[in-house]
1. What does the charge count near B:Val86 come to, summing +1 for each Lys or Arg and -1 for each Asp or Glu among other residues with Cβ under 13 Å from its Cβ?
2. Can you check what the net charge comes to around A:Ala126, using other residues whose Cβ is under 9 Å from the Cβ of A:Ala126 (Lys, Arg +1; Asp, Glu -1)?
3. Taking 0.36 nm per residue of sequence separation and subtracting the Cα-Cα distance, how much length would be gained by fully extending the chain between B:Ala125 and B:Ala55, in nm to one decimal?
4. Helix A:132-142 versus the longest principal axis of chain A: what angle, 0 to 90°, nearest 10, using Cα atoms?
5. Quick one: plug the Kirkwood hydrodynamic radius of the stretch A:1-107 (C-alpha pairs) into Stokes-Einstein at 4 °C, 1.567 mPa s, and report D in µm²/s.
6. 5 Å is the cut-off here: which amide hydrogens, built 1.01 Å from N in the peptide plane, fall below it relative to B:His82, excluding neighbours closer than 5 in sequence?
7. Would you please give the FRET efficiency between A:Ala129 and A:Glu57, computed as 1/(1 + (r/R0)^6) with r the Cβ-Cβ distance and R0 = 41 Å, to the nearest 0.05?
8. With everything on Cα atoms, drop me the angle between helix B:20-39 and the longest principal axis of chain B, reported from 0 to 90° to the nearest 10.
Amino acid sequence: MSSPSDADVIRCSLGEPEAFGLIYDRHAATLLRFLGRRAGAKVAEGLVGELFRIAFERRKTFDGSRASALPWLYGIGANLLLKHRRAEARWLRASARMAPGRDAADGRVSAAALDARLLFPRVADAIEALPDDERQALLLFAWEELSYQSVAEALELPIGTVRSRLNRARARLRELLEPKGKDRVRLR
Amino acid sequence: MKPLDLAKKLRRDAAFEPAALDRGKETLMQAIRQEVEPRRRLTIVPQIPYEDIRAALSFLERAFGFREIRSSRMEGADGVIHHANVEFGGSVIGIGTQGAHGAVSPKSAGIASQYVSVYVDDIDAHYERALAAGAQIPRGPRDHAREYRAYEALDLESHRWRFVQWMQAVPPSEQR
């Protein structure tokens, strides 16, 4: 017997609210990790219950033609994170400081790692400086590995809009790699 | 390196406390209860007296899968719990201090004057759970006229609980 889809469970929860607990059991760990990657453990732990409470209260608006609730939940989570921009920025900057170290597995500091050390804080700043909608699309795509379609569902946008936002975000990051003039950072 | 690969390098997982997911679920369950409760006002709530409410709550959760409704706990400044409610499958039972309202725990009375029937979905799994948590089992699971299967357990203070699973889709009491 196959288990009921998220859409089935949410439909059932309209009459039997307790059924919504199953949506939590299925997806809470994924969403907790998502929130943690964006804003650190403390904020994520405080938000995960809130995320599902909001989802529960809005469950009537869930589009039942979508089998999985995951993109919808990501969308609610992404919105919640907007209220925690400072924590998000702090976590991102700390991640930028730690990122290059992970490449130096052999203990030697390579030229590439040195370059990266200069570059990653700037990448973090650039991501931070993206308009909210572009940052959301970029991080759902790059970190959560959602498809264009899922990003579109999460952000409630047409897929074409997601594509153009991702292209804009990419272009802004590319400017970092190919800056004009003396500001250039070498990459290999 | 491509711009997206750069962004991917900054992906870093956080380390969570093990209980983080449980706490999140409790937030959700409170919202669910708030929606359910005004709709369905309980008309009968048995009150079960205990000497040690905190130990009772822990046992009832661990052994029987009851869940405390945290928002309704009455706790003194000294941390002593005076009353709590636990729920199971939409029904609620009060867990009170023995001596209050003239009710006495069988642990001090030496005798029980009532037992509570609880209807469950998977009685054998429930039995295993109760057993593992240290419940005493005066009567193990057995079938009754192919209509239901039941077992009885004693909790920490010797209150008797009878767990029942219907073996038919519609219980005879509801057949017309």
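Values quoted throughout were computed directly from the atomic coordinates according to the rules given, and no laboratory measurement underlies them. Note that the structure is a prediction, hence the values are computed from the model and not measured. Virtual Cβ from ideal backbone geometry, glycine too; neighbours counted across all protein chains shown.
1. Details: positive: B:Arg33, B:Arg54, B:Arg62, B:Arg67, B:Arg70, B:Arg73; negative: B:Glu61, B:Glu68, B:Glu87, B:Asp155.
Counting the neighbours of B:Val86, the net charge comes to +2.
2. -1
3. Contour length minus Cα-Cα distance gives 22.9 nm.
4. So the helix axis and the longest Cα principal axis differ by about 90 degrees.
5. Details: Rh = 15.3 Å.
This corresponds to a translational diffusion coefficient of 85 µm²/s.
6. It is B:Met74, B:Glu75, B:Gly76, by chain and number.
7. 0.80
8. Relative to chain B, helix B:20-39 is tipped by roughly 60 degrees.
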